[in-house]
Every structure is written in structure tokens, then in C-alpha cells.
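Enquirer: The structure is given below, and queries will be raised subsequently.
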Amino acid sequence: MANLYEITAHLRGEAGDRQVEGARVGLAHVIGLASACGVHILEKSAA
């Protein structure tokens, strides 16, 4: 969840000193036990 929060903060322009200017897309990748894996791609809305 922390990864998704961080990406959302960047896409909203609310990441403070960590802000990536012009962020439009973010990717979070998590590998767990055995073969468990999660990938989330978030994109800033056009409106």
C-alpha cells in the first residue's frame, strides 16, 4: 500500500521534496513469497 500511496502523491503533485516533476504514470512492483507477484500501473487522469 505504501508504494501505491507514494505514486498517488507524485501523480497529484503532493510529494514535496521527493516530487518527480511532470509525473504522469507510475508503476509499483512487489514480489512476495514463492511466485506471488503484484504489478500496479497508475496514470494521471486527463481532466
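Enquirer: Which one is surrounded by the fewest Cβ atoms within 10 Å (Cβ to Cβ), of the residues in the stretch 14-47 that are within 15 Å of A2 (Cβ to Cβ) and small (G, A, S)?
Expert: Per the stated criteria, the residue is G32.
Enquirer: Follow-up question, since we're still on this one. Could you tell me whether the stretch 28-46 includes any residue that is at pLDDT 95 or above and among the polar types (S, T, N, Q)?
Expert: No, that holds for no residue.
The values are calculated or read from the model by the stated rules, or taken from the named source; none is laboratory data. All values reported here derive from a predicted model rather than from experimental measurement. Cβ: placed from backbone, ideal geometry, glycine included. Neighbour counts: every protein chain shown.
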